[in-house]
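Have a look at the structure below, then the notes.
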Amino acid sequence: MSKRISWAAASPGAMKAQLGVHTYLEGCGLPTALQELVFLRVSQINGCVYCLDMHAKALRAAGEGQQRLDCVAGWREAQGLFSPREQAALAWAEALTLVADTRQVPDAVYEAAKAQFSDRELVDLTLAVCSINAWNRLNVGFAVWPKPDAESERRVAAA
C-alpha cells in the first residue's frame, strides 16, 4: 500500500472539529467505559485497527476484564457478560453503523435503547457512534495503523 497523507496534518481544522466532539462526549455524562465499549464494537465492524488498539487499551486501563473484551464482537451470545444497558447501547451502535446497508434502525432496537437511556443520553450515545464512525473512516481511509508494541515486535520476529 502506498504511503498516504496524514489527514490531521493536512487539515488541522478537521482534527480540531473531531476533538471538539470528543471533548463534548467526555463531559456529557455517559459513562466513559460504556462509550469505550461502543467505540470498540464500532471499530470492529469498520475494521479500524488503530481504533481497535486504542479502545481496547483504554478499556483495559479502566479495569475492563479480558473476557468481556474478547467477547465484544459476539455480545449477543455472551450471556451474562453484558448488562441490559450495554446490550442496548451495542445494538444501537451496530444498527447506526450499518445503516448504509439496512437503511433503517429497527423499532425493536430503538425501543430497547429508549428503555435504557434518557432522551439526552440517547442523543449523546448517537453522537458517540457518529464520532467513532468518523474517526474510523479517517483512519481507515488514510491507512493509519497502530505502532507495534515491544511484545508484538518480539512475537513477529520469532515467527
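Remind me, relative contact order of the range 14-139 in percent, using alpha carbon pairs under 8 angstrom and six or more residues apart? Provide the component values of the computation, followed by the final result.
Numbers: 109 pairs, mean separation 46.1, N = 126.
Relative contact order of the range 14-139: 37 percent.
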Name the lysines eligible as straight-distance cross-link partners of K16: C-alpha to C-alpha under 28 Å, and not fewer than 8 places from it in the same chain.
K3, K57, K147
Express in nm, to one decimal, how much length is gained between A17 and K147 on full extension, taking 0.36 nm for each residue of separation and deducting their alpha carbon distance.
44.3 nm
Toy charge model, Lys and Arg Cβ at +1, Asp and Glu Cβ at -1: the chain dipole around Cα centroid in debye, rounded to 20, equals 540 debye
Which three semi-axes in whole Å describe the equivalent ellipsoid of the range 24-66, each the square root of 5 times a Cα gyration tensor eigenvalue, listed largest first?
17, 13, 8
Can you pull out the cysteines in the chain that have no other Cys Cβ under 4.7 Å?
C28, C71, C130
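Return the FRET efficiency for the residue pair R103, K57: r is the Cβ-Cβ distance, R0 is 35 Å, and the value is rounded to the nearest 0.05.
Numbers: r = 34 Å, r/R0 = 0.98.
After rounding, the FRET efficiency stands at 0.55.
Roll a 1.4 angstrom probe over the protein heavy atoms and tell me the percent of accessible area of the chain that is carbon or sulfur. Please list the in-between numbers first.
Working: 5370 of 9200 Å².
That fraction is 58 percent.
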Work out the length of the dipole vector of the range 49-122 about its Cα centre, built from +1 on the beta-carbon of each Lys and Arg and -1 on the beta-carbon of each Asp and Glu, and round it to the nearest 20 debye.
160 debye
Taking trypsin sites (Lys or Arg not before Pro) that fall in a DSSP loop and have at most 12 other Cβ atoms within 10 Å as cut points, what is the longest piece of the chain between them?
5-75
So, for the chain, what is the accessible surface per residue at a probe of 1.4 Å, expressed in square angstrom?
58 Å²
Quick one: check the C-alpha center-to-center distance for the range 9-69 versus the range 112-159, whole angstrom.
5 Å
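How large is the convex hull of the Cα atoms of the range 14-100 per residue, expressed in Å³ as a whole number? Numbers along the way, then the final one.
Details: hull volume 9.7 nm³, N = 87.
Looking at the range 14-100, the number lands at 112 Å³ per residue.
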³J(HN,Hα) computed for each position of the range 129-136 - Karplus, 6.51 cos²θ - 1.76 cosθ + 1.60, integer Hz, glycine/proline x:
5, 4, 5, 5, 4, 5, 4, 4
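Under a 1.4 angstrom probe, counting protein chains only, how are I45, I5, I132 ranked by accessible area, largest first?
On the way: I45 50, I5 100, I132 5 Å².
Per-residue accessible area, sorted high to low, gives I5, I45, I132.
Pop the C-beta distance of A9 and R68 into the FRET formula with R0 = 30 Å and round what comes out to the nearest 0.05.
Numbers: r = 36 Å, r/R0 = 1.18.
Efficiency, from the Cβ-Cβ distance: 0.25.
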Could you give the angle, 0 to 90 degrees to the nearest 10, between helix 49-61's Cα long axis and the longest principal axis of the Cα atoms of the chain?
70 degrees
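Normalized C-alpha radius of gyration of the range 92-159, against 2.2 N^0.38 Å? Working shown, then result.
On the way: Rg = 17.7 Å, N = 68, 2.2 N^0.38 = 10.9 Å.
Cα-based Rg divided by the globular estimate yields 1.62.
The values are calculated or read from the model by the stated rules, or taken from the named source; none is laboratory data. For clarity, every value in this text was computed on a predicted model and none was experimentally measured. Quick reminder, even Gly has a Cβ in these numbers, built from the backbone with ideal geometry, and neighbours come from all protein chains shown. Areas reflect the complete protein model, heavy atoms only, side chains present, ligands, DNA and RNA absent. Shrake-Rupley method; radii C 1.70, N 1.55, O 1.52, S 1.80 Å.
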